[in-house]
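A short worksheet on the structure shown next.
The values are calculated or read from the model by the stated rules, or taken from the named source; none is laboratory data. Not measured: the values here are computed from a predicted model. Heads up, the Cβs are rebuilt from the backbone with ideal geometry, glycines too, and the neighbour counts pull from every protein chain shown.
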């Protein structure tokens with residue numbers, strides 16, 4: 001076992017199409033971070049196929065964990081706990097990680113800590129910002145989630161806003177498919193948009209009545225599809241880069257507007273980004289400009305910690321572990337787990 005001072009956690013993440021394992025020390029220091037991505041495989045189908053994702057997790061999970069321990073120069077028995085994402089996510093994919101973590105914890109006689117996937121994304125910011133401490137405001141933007149939350153303390157959140165329909169990343173994937181870019185949509189639209197005019201098409205910026213910090217991207221997605229259909233019917237040229245840039249500008253405007261408004265109303269001087277879309281260059285640039293104008297500190301993880309990874313799960317697990325959270329071998333996958341639930 002480790003000494004009392006340092007807590008080293010083996011973390012496992014398998015909520016979607018990345019099989020990942022990491023060893024994290026004291027919630028802040030990454031000793032290893034191994035990710036096996038299935039993107040190339042799912043690109044053939046234009047999106048993640050849950051059954052294929054589950055099967056590939058089974059195939060790769062032992063290899064990924066062995067490498068994570070090897071890279072950290074450790075054996076399983078030297079860890080203080082085993083952590084795993086147990087929701088939200090694809091149920092079959094989650095079950096692979098949860099079953100593996102339970103088996104390893106039982107075999108080694110180690111505590112088991114179940115981690116909320118979204119809490120992991122928020123905690124990714126702790127890995128590269130050693131001075132970051134709650135409370136702060138965090139915008140979580142990924143393929144399945146768009147949340148604006150107050151991080152009140154480690155593991156304690158107040159949700160100010162969330163999406164009523166499509167998550168931002170989901171809208172990216174659907175629009176990318178519609179304009180012929182394919183999967184994964186986020187990085188492809190981000191790249192093509194750099195060559196386009198973000199003011200070429202005036203797409204809507206949706207507001208949700210009575211919920212000033214909530215999001216809705218379904219109408220924007222429909223507006224893009226309608227624009228494409230009408231242009232096709234009229235035999236008008238479609239400039240792919242302009243559509244991408246105009247769509248992205250609409251998404252970024254809404255995300256920045258809600259976040260800055262909340263920071264102003266609640267008096268936050270630190271704003272964090274989290275989730276896969278947090279690596280989007282337009283979102284980072286737009287949020288940075290808005291924060292600098294109002295003297296707000298903006299932080300975000302490196303791209304490797306924005307995508308699904310196990311280091312972020314290890315960071316979140318450390319604070320749960322220190323608060324006495326133990327999951328036990330009855331832990332199960334919860335595909336629709338809400339933020340703040342256990």
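Worth a mention:
The rows are residues; the columns are (1) farther than 26 Å from residue 29 by Cβ; (2) modelled with pLDDT of 95 or more.
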residue: 233; (1), (2): yes, no
residue: 242; (1), (2): yes, yes
residue: 260; (1), (2): yes, yes
residue: 285; (1), (2): yes, yes
residue: 295; (1), (2): yes, yes
residue: 319; (1), (2): no, yes
residue: 341; (1), (2): yes, no
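- Selection count, the range 35-44, where residues are over 12 Å from residue 19 (Cβ atoms) and either crowded, with 18+ Cβ neighbours inside 10 Å or without any contact (Cβ under 8 Å) to a residue 12 or more places away in the chain (or both): 3
- Among all positions in the range 25-42, there is at least one residue which is assigned to a helix (DSSP H, G or I), closer than 23 Å to residue 124 by Cα, out of contact with any strand residue (DSSP E or B) (no Cβ under 6 Å at 6 or more places or on another chain) and not assigned by TED's automatic domain parsing to the domain that holds residue 187.
- Any hit, the range 1-10, residues being surrounded by 23 or more Cβ atoms within 10 Å (Cβ to Cβ) and in a strand (DSSP E or B): yes
- The residues in the range 195-211 that are surrounded by 20 or more Cβ atoms within 10 Å (Cβ to Cβ) and free of Cβ contacts under 8 Å to residues at least 24 places away in the same chain can be counted, and the count is 0.
- Residues of the range 52-69 include none that is in contact (Cβ under 8 Å) with a residue 12 or more places away in the chain, more than 16 Å from residue 309 (Cα to Cα) and loosely packed, with under 14 Cβ neighbours inside 10 Å.
- Taken over the range 71-80, the criterion of being buried (at least 23 other Cβ atoms within 10 Å of the Cβ) and touching a helix residue (DSSP H, G or I) at 6+ places or on another chain (Cβ under 7 Å) is satisfied by no residue.
- Residue 226 satisfies every condition listed in (1) under 16 Å from residue 140 (Cα atoms); (2) surrounded by fewer than 16 Cβ atoms within 10 Å (Cβ to Cβ) except (1).
- If you filter the range 298-330 down to residues that are surrounded by fewer than 19 Cβ atoms within 10 Å (Cβ to Cβ) and part of a loop (DSSP other than H, G, I, E, B), you find that the one that is nearest to the chain's Cα centre (by Cα) is 302.
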